[in-house]
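One structure below.
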Amino acid sequence: MPPVHTGAPVTTGASTPSSPAAPEAHAPGRPGYRRMSLALFAAGLATFALLYSTQALLPAISDGLGVTAGQASWTVSAATGALALFVLPLSALSERFGRTRMMTVSMLVAVGVGLLVPFAPNLEWLVALRAVQGAAIAGIPASAMAYLAEEVKPKALVGAIGLFVAGNSIGGMSGRLVTGWAAQAWGWRGGLLAVGAMALACAAAFLVLLPRARFFRPASLNPRAVGRTVAGHLRDPLLLRLYGIGALFMTVFGAVYTVIGYRLVDEPFSLGQGVIGSIFLIYLVGTVSSAAAGQLVARAGRRGALYLAVTTTALGLLLSLADSLAAILVGLVLITAGFFAGHAVASAAVSRTATSGRAQASALYQSAYYLGSSAGGTLGALAYHSAGWAATVGIALLAVLGVVSITLYGSHAARAERRHGSLAAAR
């Protein structure tokens, strides 16, 4: 049986006059790095635009199909839930067939389904197609993280992943903006068709720009070997904490952005669908905060960056309770900045922590992350339907408290480990 690939770059030793020089990992300032960054930025943009394409349209879908907020929210939760379920098996396939091939097939299927979604005749078909779309999208995030970990120099990894996450934030923003204004002109089906066309353009850019993988080596597609790798990751206390942090951050984000459209379309705001879609321009804040995550970690450390992210998010949640559109907008800015910074820090830490089976490590993070999104969207919508926005904020604040608890525990565990090491060295 071939050895399982560890995810570390493969070296070929010193080059000789008769053999070509070993390829170098991508680094900022080099043409390959720029092409790779643009390609994965396009992939991240298409991923988030498609994944959350119905989120800004939930009030219109509720009216058009005659369903409640909780029922309409399944058009989001079905996609994120399917992604969470399929990301691990598809990441295992990427270990065998390659990161670039997995991302390409996933992108094409997701876009193809995205062009069918607007023609769903009822809620059941809409939810089913969204689940298929989420399953297809599952092949992109973990494969992208593993691709970056293999192809980029370690010192540039946080920045490269931050750019991928920035693509996610712009995708989330532009997808909701496009669907909002298109829906105001042509209805929610027109909005979904518009975002499908946008994702098709992103897929074309991705296929043209992405450099070939130079350090990937195929691994055996042995279920037992994959199971051992996954079990090893699940026994790693640091990885488990990072998975929990990702899930809880996304619970906050899923709850807030699934429900905010309902709040703004109701009294006292009564905003139109296009204006509500424009609210998602706030995602640009997430683009900045995720791209700056590397510098934040360099200055404050990983835990310091996480504390800053959760504090910012909690302040935003509290501000959003006011019956003032200006306060709500400022609150959304803080929530978005805190979320994307925290997500970029945690996801990069997963890639750095896992020394083997990086695709599986990233897949487990993505699975936890999108399960958090599904839970947040569903719980947030149910809370809003039963007790209003304050109940949705209560769900989100509980998740923030969970992130704080995990980070504090990690700090305590790290101090205890250092003390134990010092005592062992003294002996």
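The values are calculated or read from the model by the stated rules, or taken from the named source; none is laboratory data. Quick caveat, the model's predicted, so the values are computed rather than measured. Here Cβ is always computed from backbone atoms with ideal geometry, including for glycine, and neighbour counts include all displayed protein chains. We work out accessible area using only protein heavy atoms, side chains counted, and drop any ligands, DNA or RNA first. Shrake-Rupley method; radii C 1.70, N 1.55, O 1.52, S 1.80 Å.
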Practice problem: Output yes when any residue across region 321-331 is part of a helix (DSSP H, G or I), in contact (Cβ under 8 Å) with a residue 40 or more places away in the chain and either surrounded by fewer than 17 Cβ atoms within 10 Å (Cβ to Cβ) or within 22 Å of the chain's Cα centre (by Cα) (or both), and no when none is. | Solution: yes
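If you check G246, G277, which single one turns out to be modelled with pLDDT under 85, buried (at least 19 other Cβ atoms within 10 Å of the Cβ) and not hydroxyl-bearing (S, T, Y)?
Values: G246 fails: modelled with pLDDT under 85.
Answer to the selection: G277.
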Self-check item: Single unsatisfied condition, G112 versus (1) within 30 Å of T392 (Cβ to Cβ); (2) surrounded by fewer than 24 Cβ atoms within 10 Å (Cβ to Cβ); (3) among the small types (G, A, S)
Solution: (1)
Exercise. Scan region 353-363 and give yes if some residue there is of a type outside the set (V, I, T) and touching an Asp or Glu at 6+ places or on another chain (Cβ under 6 Å), otherwise no.
Key: yes
Practice problem: For region 23-37, enumerate the residues that are open to solvent by 60 Å² or more (accessible area, probe 1.4 Å) and at pLDDT 75 or above. | Solution: R34, R35
Practice problem: Consider L296 carefully, then state whether it is modelled with pLDDT of 85 or more, of a type in the set (A, V, I, L, M) and more than 17 Å from the chain's Cα centre (by Cα). | Solution: no
Self-check item: Residue that is touching a residue at least 60 places away in the same chain (Cβ under 8 Å) and farther than 23 Å from R302 by Cβ, where the choices are A391, A368, A383
Solution: A383
Quiz item: What residue, of G331, G357, G380, G394, is in contact with a helix residue (DSSP H, G or I) (Cβ under 8 Å, 6 or more places away or on another chain), within 30 Å of G232 (Cβ to Cβ) and not aromatic (F, W, Y)?
Solution: G357
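Conditions tested, residue by residue: (1) at pLDDT 85 or above; (2) open to solvent by less than 30 Å² (accessible area, probe 1.4 Å).
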position	(1), (2)
S174	no, yes
G190	yes, yes
V195	yes, yes
L209	yes, no
L240	yes, no
E267	no, no
Quiz prompt | Candidates A110, A79 - the one that is in contact with a Lys or Arg (Cβ under 7 Å, 6 or more places away or on another chain), touching a residue at least 40 places away in the same chain (Cβ under 8 Å) and closer than 25 Å to G246 by Cα | solution = A79
Quiz item: Do you know which of the residues in region 332-356 that are open to solvent by less than 20 Å² (accessible area, probe 1.4 Å) and hydroxyl-bearing (S, T, Y) is modelled with the lowest pLDDT?
Solution: S351
Exercise. Count, please, the residues in region 40-60 that happen to be aliphatic (A, V, I, L, M) and surrounded by fewer than 24 Cβ atoms within 10 Å (Cβ to Cβ).
Key: 1
Quiz item: Which condition breaks for T229 when tested against (1) under 24 Å from E150 (Cβ atoms); (2) open to solvent by 60 Å² or more (accessible area, probe 1.4 Å); (3) more than 20 Å from the chain's Cα centre (by Cα)?
Solution: (2)
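Which is part of a helix (DSSP H, G or I), closer than 14 Å to M145 by Cβ and open to solvent by less than 30 Å² (accessible area, probe 1.4 Å), of A381, A359, A399?
Working: A381 fails: closer than 14 Å to M145 by Cβ; A399 fails: closer than 14 Å to M145 by Cβ.
From the options A381, A359, A399, the qualifying one is A359.
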